[in-house]
Each structure stands twice: as structure tokens, then as C-alpha cells.
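For reference, the structure is listed below as C-alpha cells.
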Protein chains: 2
Amino acid sequence: MRFLLSFFLLLPATVLAAESGDYPVQPIPFNEVTVSEGFWTPRLETNRKVTIPYDFRKCEETARIRNFEIAGGLKAGTFEGRRFNDSDVFKIVEGASYSLTIHPDPELDSFLDDLIAKFAAAQEDDGYLFTTRTINQDNPVDASKKRWGNLRRDHELYNVGHMYEAAVAHYLATGKRSFLDVAVKNADLIAETFGPGEKQLHGVPGHEEIEIGLVKLYRTTGEKKYLDLAKYFVDQRGNRPETELYGEYAQDHIPVTEQDTPVGHAVRAAYLYSGVADVAALTGDQDYIRALGRIWQNTVNKKLYITGGIGSTRSGERFGDDYELPNDTAYNETCAAIANMLWNHRMFMLHGEAKYMDVFEKTLYNGFLSGVSFGGDTFFYPNPLESDGVYKFNIGQSATRRPWFNTSCCPSNVVRFMPSIPGYAYAKKDKAVYVNLFINSSTEIAFEHGKVRIEQKSQYPWDGEITLSVTPENSREFTLMLRIPGWVADQVVPGNLYSFMGSSDERPSLSVNGKSISIVTENGYAVITRKWRKGDTVTLMLPMQPRRIIANDMVAADRGRVAIQRGPVVYCAEWPDNSGRVSNLILPDWATLSSEFRPDLLKGVTVVTAKVPVFVASDNGEEIVEKKQPFTAIPYYAWSHRGEGEMIVWLPRKAKAVKVIPAE
Amino acid sequence: MRFLLSFFLLLPATVLAAESGDYPVQPIPFNEVTVSEGFWTPRLETNRKVTIPYDFRKCEETARIRNFEIAGGLKAGTFEGRRFNDSDVFKIVEGASYSLTIHPDPELDSFLDDLIAKFAAAQEDDGYLFTTRTINQDNPVDASKKRWGNLRRDHELYNVGHMYEAAVAHYLATGKRSFLDVAVKNADLIAETFGPGEKQLHGVPGHEEIEIGLVKLYRTTGEKKYLDLAKYFVDQRGNRPETELYGEYAQDHIPVTEQDTPVGHAVRAAYLYSGVADVAALTGDQDYIRALGRIWQNTVNKKLYITGGIGSTRSGERFGDDYELPNDTAYNETCAAIANMLWNHRMFMLHGEAKYMDVFEKTLYNGFLSGVSFGGDTFFYPNPLESDGVYKFNIGQSATRRPWFNTSCCPSNVVRFMPSIPGYAYAKKDKAVYVNLFINSSTEIAFEHGKVRIEQKSQYPWDGEITLSVTPENSREFTLMLRIPGWVADQVVPGNLYSFMGSSDERPSLSVNGKSISIVTENGYAVITRKWRKGDTVTLMLPMQPRRIIANDMVAADRGRVAIQRGPVVYCAEWPDNSGRVSNLILPDWATLSSEFRPDLLKGVTVVTAKVPVFVASDNGEEIVEKKQPFTAIPYYAWSHRGEGEMIVWLPRKAKAVKVIPAE
């Protein structure tokens, strides 16, 4: 199966710049990348065919769409659900628009037209759009009825941030201005309401997101006031009279330029950092770029899970203290994984360094991908690294994925992020082409002096062989920057939070047209500068043996434990592959790890196997016997597709003691 | 040491009735019971000498008292803390007043006078008292500034409920009307504001408590409108237009008369049931009494911990589903234990049945007493039945008791409940004297035809011998009702949630003046009707061997597990007595339990010992070896006085499996 590139020539000229204009490094947008059969195609197809319609249906069932109809006077009724539910509909429209960009679908196109008509109806005359307030404004006992009356708690600015992103996506996909006009009218109201003027409000959103949306709107329309407003919101954060600040939870304790560590609600934080990067890219503000660097350093050195998850703490969905990375109660919201990727991609675009894409890739294959089932219709909100099969970590509902949530930000975030993934594979800067993700795909990159077509063949992440055929329109010199993942260079993630046990006995190799060349890296990329000719072929071989990882000793939850990674994929042991339990085994240092591709298992995965000691009770329940048992680890993202039961990422290397589980 | 009875003759005539007027059974108030050296004296003394001043100091440190000063215009500043913090100060005043009743203390008396002057200053002209709103009312951006604007969330009615209780206590202790006048003025405002009238508000408090306070105020002042208002709040609950109901969380889903099970926030629930009992006692409303009976049956059969704790669920501090009684995450708020005792004592006063006092005693010696340390200055908010020594069950702060909390309802509830304990020991009805608690104490009970003095000698709960000397003013016939605890009659708590393994091989015995008589029980009491003469002595011997308990199979968390109880005391195994760990052992059915009093341990406790199998890791960490080890269990209430570590109430009987704990 092949995703055909369409619409491309019909798109407004701003398409390339809407996501990334003015960043030093420019990504190749997803609609210019053709993905072919491989790891990602079932995911992309399922998102398009199942998740988009499923999510829309859920929005209909849960009054999320009806709220717009009521606010717009198209139906009678009261507001139902949570005040930020508008944003879910916008996010799914964003995902659907991405899908339309690639796959023309008149039915979906017309569904979106109808939906956008409801958004337009729900919009008040002056541009205001927040259905809960529009519906409730006549209710005299509702203390929250006042516009902008509770920016800290209300999500009226958060909601419209998602609207701007969705409206831009819809405009770029269809060329229709219907949704964009609604967004612009709303943004004009907000730009009039908020700002430094004496009669303007000086507050900031309690939940960041509008900054990202405003910058996209600026890039699409060229209206500088949207960028100014995004910058204003960023500048105001932590920079108002002390009694008006919202505190660390909303990253509103000190000015962003003075911040050093990620704090508070993880999604808000990473959306803020993404918005700050966007503003800094456009304004060149070095203080912001330096602050992002410090916050990123603290994150990767002290607050990042091995899965790329961030936000360890359930209470408040927030960052924990340094090294506070519990496994069974790890929160790791799916939205936070997405926000972490958005942020890291922007860091890459600012700096052109591979380490940011290392974090991106880690998150993509692990902490993000776990968030949605193979079927595309059940979701994790948190993504813990251990489960006893009993504790209902998924928002108190179950120990497995769920169809929907009252606060359903994660399902609607997955649906918009998934189609955009191909857009993170390639980038360009001056005369250089970056290859960041190893995805079976092709793209055509426009340079000043002609196009370059790149075809990538790979069965990554199962196989380490990546072949690129490079076809320049005209033979000429340019540079291919091929990311050598950090894990190849013995770095699990940037920083010293995790390390491989021992060094790899395999090394990567690189060849051009069959001739081996030495790998010379710059900023994490193998640099190949040459005069490229039609038919040139580059082959990169990445070492794919499974490797053991240990955590920094400061991480109490991982002490005495070991994890497994193969390529970018983090593994876990799950009960169905290990005689029904996994908390009763150890993975001693002497146990040899092997790997094997199992096409029949979990839609086809490479498993890691070994023979390990397990501890089982005697028949009378008064002795514990050790025996050797085959051990099978599966990719973390694939767990929880076979019922509720034990799962563990960090396995004990030795037993210090045991905890008894009673015979019932 | 002896607590001297003082003030007694100076007290207003209403003292006897303030707590319990119109209940069929009348308790003997705590100020008419003299407690002598025994189990409770160190607790009562510590509460008086340490906890009362400590709690007041904490209120000063945390702006709880300053909020009154600011509201009263005595100081400049802003409101600090949580909106229900007023109630903590009131509750400590209640406890301090109880203390004054027994122990004249001019310094404390004058401190209370000063504090009450601050309450009076903080009261608005029309009687309104809620410092957060009084302070913030000029703040135009505070959406909650409207009086009664958010009864569901705000605690303005809850707060004053505690004020009424405290004001009544202070009036009864000192005869001064200063605080009572503040309370009355406030209650008059509220009685004018709320009610069935067309111009009145028809809402109910989101957090119950005012009902109890209003009834006390009615009993003290004789003003019937307070009783009417209490009844109105009870009647309105679940009985308003559906869109205005707060739902199950606040027991506001259906009318109380139709409720069958305890739901929602456990403290709110049990305060409601207490208030309903008060109202029903005074109005004779049988529908309410029947509803309480149904709710109580469901509680004891499906939602009660073996420690007497209620409210199993951390999220929302609420009741779980039937049989949902997890051990490590058990919430069991200390306040809920107190509320449970308040409710059960009222059930006893309604029905005169010992089963309610069984639940009371269970809670008193276990789930309540664990809430405060021996030192009187650290507290549990939740009271779990298992700890790994790591999980910070105590409101995320630690795995042991803490000095204070942002929401510090539990420390301020302990301080008011502790001095009242002697008031639950005795009661009377017509010509019967009830002995409910076995406390080294004496009292004089006034009957129509003269006083009866009772002196009780006992080293309960360590020793099962209880001696009562009965001294009537004039020899005459009356009945002594001596509670035979349910656990003697093979009932762990009423209902079928828990049962003893096997039956006891010891039986209780009873003698009068040295002559054995058979135990004839009625409603759980040994009934001794005779013409009592000066010097008559009754001796009750309760069997005190340690016994095993198993839970109803429906309780998943306790399956395959066994608990230990001796007398009313529930035991736990804690790490310091068991070679540093307790999750690695089993207590097989064959292990013989012994008991022994250890005067040197934990202020003097009877421990339960055995020899049991434990599972330990071999030196290389790859084998698990079973060995026999001495086992020591301590009273549950006494745990967590020696640092953080493992504790377990429900021990596995056999091992089905083990979970590995890694060598770090």
C-alpha cells in the first residue's frame, strides 16, 4: 500500500512555512513524504480509517459536538461535559485535515464543512468562542460566567489555541477559508483583549497551547499581531505582579527566561516550551533559547523515562522531583509524550542537533506509541512502566486501554499527531538534507538549484539496514546528514540518566554505492558531502543486538534493576509470554539475550528471549522453589493487548528479598 | 493520677442534654466520669498537655488565627490557606473547652477569651462568619465572593457547624456566653436565610456538619428554630430539583429516607448520619431511623475495615464499592473514624443495642487511635492496613505520621474527640445502667430515687478482668447492662464481613459478690437485675487469647490472608520486630499464637508471637531460602513509631507466589 501525494500543487504557498517558518532547519512537511509499506503504515491507516471516525463518533455521543450546536442556537439544551471539551473536537478536525491532505475523501470533507458551520454558529458576534460560557452566560448562579474571569482555571485560551492549529490544518488541506475565518475572527478579539495596552488584560492562559496556535496563524496569514500576542503571553509568564501569578503548576512562577527546570503540569510545560521555541525562532531571542536549553538539560538528565515519557506524578499530572521516576505509578500522559516530541523537534529545528531527535525517536516508538491500541479505538491516558494487572492506573478505570475518558485529551491528541509523523523524517538547511527517522518512504526536496529525490528503504525498527537512493534533479554537491542514533553511540538518551551495560560488540557501518566509508559525525549526524548523481545509494547498517540498560543510581525505583532495548525500542516482560507472571523472575547479568522476529505475535514484533530464574511456590505454599524458565520480552508499546496482567520494564538483576503473594 | 471532677455543680442545667437530649438512652457525659490510671490516661494527658497547645500553635503559624484577625479588621493582610480553615480553630476550641471542663486552667481560659474576641471581631454585623469571604469580598476578581454562592464547594455552612459545637462546649465548660452569643447570632442569620419560605434559600451544605451543631445549639438554648433548620437541611438533601442536586459524593442524590448504602465522601456521610440520628431522636421520625438502619447494615456487611475504618478510596476520600477494601491504599481518614464513632454512638442511643458500641470500640482502639502518635504531635490523615515503607500514603508527605497538613481536619478532630472518650463508657435508661467501655474509672449516676456510684477497675484491653463495685445511695432494684463485646460471642464486627477462624476455647464468666452467675444477654448486654447494695461487686472475665480472623471471600484484598485480634485490639506485624521486613513471611494456620505483655515496648503493649516461615534471598540473589523465624505482632494503633518500613495487618496463610524485590 502506498500513500499518494495529492493536492500538493494546489496548496497555498504558506504550507511549508506554517509549521516551522524561520527555524534555521526546515522540516519536510508530512504531505511531501510518501510512506510505503512498513512499520508505520498499519498505524497510519488505522488512524485514518478507525480512529478519526471513532473519535468523531465519541464526540457526538458525549455532547462535545452538541455543545457547539447549543451555543450556536441550532439546538436547545444545556452544556454537558468539561469546559475544555471544545478542544477535543478541534484536535480531531486537525487530524482529519491532515488525513484529507494525503487522502482526498469527499465524505470527510463535507462532514468537516458541516462541523465548521457549527463552530461558526457557536461563535459569538465579536469572535468569542467557548461553548460552556456562551451556553451558560444567562445562568445567574454560575459564578464562572464572566469572560476571561478565571484564566487560571478556565481553558478558554487553551481551547482556541487548538482551534487555530485545526483551522490552519483545514485551510492548508482544503484551501477553504471557512474555519480559518472563524479562527482569525477569534484571534482578532483576543489580540484586542490581551496585550500591554492600558485598557487591555495582562493575564496569561492557565494552560498553554494558544502560543503554538497563534504562531501557526501568524505564519499562515502573515498577520504580525498574532506573533506579537504569542510573544506577549510568553513574556508575561511569571512576569506579572506576584499576587497574580499562578505558580509553578502553570510554569508561572518566574519569567521563562529565568526558568531552569521543567515544573508543574507536564503537558502545559512542554506546550509552553514549544511555543517559546516558535517565538524565539521568529524573534531570535537568545534568552529564551538559552532557557529552553537549561530546561531541556534538566529534563533529559533527571526527569525523563526510558520510554521518553515525562510527567512522573499522577497527582496534578506533573513533573516529579529530580530522579523521581516511579514505575508502577508513572503517569507519563500520552499527551505529554506528544508535547515532548513537539518540543524536541523544535529544539532540533533551532539547533540542528541529533540529540533532540534521539529523544523524539525514543518517545515515538515507546511512550507515545503505547498510548493507542493496534485497533485504534482504545487508549492509555497514563503510560506506566510496570503493572500488577490490578491497580487501575488508567484513570481509575482499568489496568488496560480504555475507549474514552471524561477528559479525553489523549485520544484526540493521538489522532492529530499520528498523520504528522512522516513530517519528522526529513529536514533541510542550506545545502544539507537531514534524515532523522528511518521510515520506508520517499520525498522530494526542493533546493535552490533543483530538486533532490530520496527513497528510503528499511524495515526499521526490526532491522538495522537502511538504504537511501539519492536522485538529484541535477548532479551537484550537497550534504546528506544521516542521524546516527545516540543508542548506537552508547547513549540511551542524551545525558547521564541511563547507560548501557558494557559496550556494544557491533558497530554501525556506512557505505556509498557499495563502498564502505568511515562514519564522521557532526552534531550526531554522519556527514556525507559529495557531488551526488542520479542512482547514488547510501547504506547504513545499525547494530541491532538487544542491550541491557541500567539507570543512574539516583533513580531509587530502578536500583538493582535492568531494562532491555533493541534499536530504539524499549522492551517489557508481560505475563502472557512468561507463564502468567513477571514479578517473580530475575534477569541475571549472565543470562544471554537473543532476539527473534515473530510475524504472528502482536502484529509482528521482534522479541527478546533468554533463560532466567523464576521463583514459584511449592504445592503446600510453604516453600519457594527456583527454576529456570524461558523468558520473552516484547516491545513496550505492544503490551496490554491480551488482557490485564503483570508487566514490567525494569527487571531485578538479583533478588534481595521477596514479597509473598498469598494463595487465595 | 486522677482526673478530678470539677465545675460540675456550676454547670448550666442543659449540660446533660446538650449532647444527647431526647435519645431513648442517655449517656453519662465525660465530665461526670473520672478516669483513673490505665490505658487511656497517658492519651488524655498528652492530648491536654501537648496536642491542644500544639494545635493552637500550628493555627497561629499557618495564619488560621490571623485570618480571623484580618477579617475582624484587627490586622491588615490577605486570607491565607484553605477556605475551611476556620473550622480547625473551632474544633480545637471545642477540645480545649472539654479540657477546661475537667481541668481548670486560667491561662487556657484567658487564651480562649482572647480567641473568641477575634471570632466576634471577624463576625460581620448581621452574624455572617466565614473569614475567606469576609476578607475577599472587596476583591472584584474573586468569583466566589458571593455569600451562599457555591454551597456545594464552599464550606461556609460546614465551618459554622463546628463553631456551634465549639461554642456549646465553651459555654458548658465556663458558663460564659461570649462564644455562644457569636454562634447564636450566626445561627439566627442562617435560620433566616435558609428554609422553606419563598424568599429563603433552599440549598443544603456541600459538606455536612451544621446539622449536628444546630441540634446542639437547640439543646443548649431551647430555640426550636435551630432544630427545625437541622431538620430542613436533612429533609432537603436529595430532595430538590434534580439539576440542583450535588450527587452521591455529597449524599445528595436521593432523599435520605430512601438511601440504603453509604456513598461519597466518608466524613460527610457519617456526619450526615449523625445529624439525621439527632434529628430523628428529637422528632421521632421513623423513616429516618429505618434509613439509618439500612445504611448501617450495608456499612458493617460490606464497607467496614477490620480496624473500624471507613472510606476506603483515596480519590475523593470516599466509600468504595461493596467489598472494595484495599489494604495498602486504604484511605480510612482519621476524621472518618471519628465520624463513624459519633454515628455508632447515636445508633446505640437510639436502639440500646451493644452491636453499635462494638463498632465504636473497634474503631476506638484501632482505626482512630492509630491517627495520633504517642507524643501527641504527629498524625495520620489516612490509616492504611499495609505499608511498604516507601509509598507516601500520608497525603503524599511520608509513610509515617506528620506534624500537620494543609487540610488539617484530622489533627483538630483528634484534639476534640480525645477528651470526650470517657463520655462513651456509661449510659442509662429508665432503671438500667449501661457499661459500654472498659475503662478504669468511676461515675455517679443520678436516678429518680437516688444516685448510684460505679467504680470500674480493669487493665483492659491488655487484661480481660473487669471489676465493678456498685454503690447505690439507697439499696434498690435496678439493672446493670454490661456489654459483652461481640468478639467474645465470635463476632468480629456485626455482620458477616469478617469471622474468627475456629471458635474460642475460652468463655467469658461473670460473678456477683464472688458468686458465679450465668450470662444472660439482651441486645448484647449481660443483664443483671437485682436489689443492689453498697459494696456489691461484679466481676466479668473476658477471654483474651489472640485469635485469627478471615475476611468474607468477596473482599479480594484479603483473600488467602489472616489477621490477628486480641480483645478489641487488631494486630499488625511491623518491620522492627521481624528482622526488618514483614512482606516476606507467611502465618500458616498451624503456627501457634501466644501473647505476652511487654511494658518496655511502645509504652507498654501486649504482643502476639509465633514461629513462622520467612523467605529470604541467598547471598548471590538467585535462590530463595525458607527459614523459621520468631514472629511478633503489635497492636495496629502502635505502629509507625520507629521509622518508616513495612507493616501488614492481613498476613498470607500460604504463599501462592512471590514478587522479587531487587538487590540494589
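The values are calculated or read from the model by the stated rules, or taken from the named source; none is laboratory data. Just so we're clear, the structure is a prediction, and the values are computed from it rather than from any experiment. Neighbour counts run over all protein chains shown; Cβ positions are idealised from the backbone, glycine included. Side chains included, ligands, DNA and RNA excluded: accessible areas come from the protein's heavy atoms. Shrake-Rupley method; radii C 1.70, N 1.55, O 1.52, S 1.80 Å.
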- Query: Is at least one residue of region B:15-33 within 14 Å of chain A (Cβ to nearest Cβ), at pLDDT below 95 and open to solvent by 60 Å² or more (accessible area, probe 1.4 Å)?
  - Reply: no
- Task: Considering only region B:252-265, state which residues are buried (at least 18 other Cβ atoms within 10 Å of the Cβ) and in a loop (DSSP other than H, G, I, E, B).
- Result: B:Gln259, B:Pro262, B:Val263, B:Gly264
- Residue in region B:43-61 that is farthest from B:Trp404 (Cα to Cα), counting only those that are more than 18 Å from the chain's Cα centre (by Cα), open to solvent by 20 Å² or more (accessible area, probe 1.4 Å) and not acidic (Asp, Glu): B:Lys49
- Item | strands (runs of 3 or more DSSP E) completely within region A:439-542 that count 2 or more residues being touching a Pro at 6+ places or on another chain (Cβ under 9 Å) and either surrounded by 16 or more Cβ atoms within 10 Å (Cβ to Cβ) or free of Cβ contacts under 8 Å to residues at least 24 places away in the same chain (or both) | A:441-447, A:450-458, A:525-532, A:536-541
- Just checking, which of B:Val256, B:Val215 is under 23 Å from the mean Cα position of the chain (by Cα) and closer than 20 Å to B:Glu192 by Cα? B:Val215
- Message: If A:Phe405 satisfies all but one of (1) among the aromatic types (Phe, Trp, Tyr); (2) out of contact with any strand residue (DSSP E or B) (no Cβ under 7 Å at 6 or more places or on another chain); (3) within 19 Å of A:Thr307 (Cα to Cα), what's the number of the condition it fails?
- Response: (3)
- Task: Out of the residues in region A:621-658 that are within 26 Å of B:Ala557 (Cβ to Cβ) and surrounded by fewer than 20 Cβ atoms within 10 Å (Cβ to Cβ), state the one that is farthest from the other protein chains (Cβ to nearest Cβ).
- Result: A:Arg642
- Among the candidates B:Pro546, B:Pro568, B:Pro588, B:Pro599, residue that is more than 22 Å from B:Tyr305 (Cβ to Cβ), more than 12 Å from chain A (Cβ to nearest Cβ) and not β-branched (Val, Ile, Thr): B:Pro599
- Message: Go through (1) at the interface with chain A (Cβ under 9 Å from one of its Cβ atoms); (2) in contact (Cβ under 8 Å) with a residue 12 or more places away in the chain; (3) over 35 Å from the mean Cα position of the chain (by Cα) for B:Ser618 and report which single condition fails.
- Response: (2)
- Item | Cβ pairs under 8 Å, 6+ apart, first in region A:336-347 and under 14 Å from A:Pro382 (Cα atoms), second open to solvent by 10 Å² or more (accessible area, probe 1.4 Å) | A:Ala336/A:Glu317
- Do the conditions hold for A:Thr592, that is, is it out of contact with any Gly (no Cβ under 6 Å at 6 or more places or on another chain) and more than 30 Å from A:Gly376 (Cβ to Cβ)? yes
- Which one of the conditions (1) of a type outside the set (Gly, Ala, Ser); (2) touching a Pro at 6+ places or on another chain (Cβ under 9 Å); (3) over 30 Å from B:Glu244 (Cβ atoms) does B:Glu156 fail to meet, given that it meets all the rest? (3)
- Query: Just wondering, is there one or more residues in region A:145-152 that are open to solvent by less than 30 Å² (accessible area, probe 1.4 Å), in contact with a helix residue (DSSP H, G or I) (Cβ under 9 Å, 6 or more places away or on another chain) and part of a helix (DSSP H, G or I)?
  - Reply: no
- Query: Any chance region A:334-341 includes a residue that's farther than 21 Å from A:Asn436 by Cα and within 14 Å of chain B (Cβ to nearest Cβ)?
  - Reply: no
- Item | Subset of region B:605-615 that is more than 8 Å from chain A (Cβ to nearest Cβ) and touching a Pro at 6+ places or on another chain (Cβ under 9 Å) - its residue that is farthest from B:Tyr460 (Cα to Cα) | B:Val612
- Note on the structure: The residue from A:Tyr249, A:Tyr271 that alone is crowded, with 24+ Cβ neighbours inside 10 Å and farther than 21 Å from A:Asn301 by Cβ is A:Tyr271
- Query: Here are some residues: A:Ala563, A:Ala573, A:Ala557, A:Ala551. Which one is crowded, with 17+ Cβ neighbours inside 10 Å, within 14 Å of chain B (Cβ to nearest Cβ), aliphatic (A, V, I, L, M) and touching a helix residue (DSSP H, G or I) at 6+ places or on another chain (Cβ under 7 Å)?
  - Reply: A:Ala551
- Message: Yes or no: region A:159-173 includes at least one residue that is touching a Phe, Trp or Tyr at 6+ places or on another chain (Cβ under 7 Å), within 22 Å of A:Gly77 (Cβ to Cβ), surrounded by fewer than 24 Cβ atoms within 10 Å (Cβ to Cβ) and more than 14 Å from chain B (Cβ to nearest Cβ).
- Response: no
- Item | Subset of region A:230-277 (residues that are of a type in the set (S, T, N, Q), away from chain B (no Cβ under 14 Å) and on the phi < 0 side of the Ramachandran plot) | A:Gln236, A:Asn239, A:Thr257, A:Gln259, A:Thr261, A:Ser274
- Message: The conditions are (1) farther than 24 Å from B:Ala573 by Cα; (2) assigned to a loop (DSSP other than H, G, I, E, B); (3) of a type outside the set (Gly, Ala, Ser), and B:Ile421 fails exactly one of them. Which is it?
- Response: (2)
- strands (runs of 3 or more DSSP E) contained in region B:623-664 and holding at least 1 residues more than 20 Å from B:Tyr571 (Cβ to Cβ) and not hydroxyl-bearing (Ser, Thr, Tyr): B:624-635, B:655-662
- Only unsatisfied item for B:Ser387, checking (1) touching a helix residue (DSSP H, G or I) at 6+ places or on another chain (Cβ under 8 Å); (2) part of a strand (DSSP E or B), is (1)
- Item | Within region B:175-231, tally of residues that are closer than 19 Å to B:Leu151 by Cβ and assigned to a helix (DSSP H, G or I) | 18
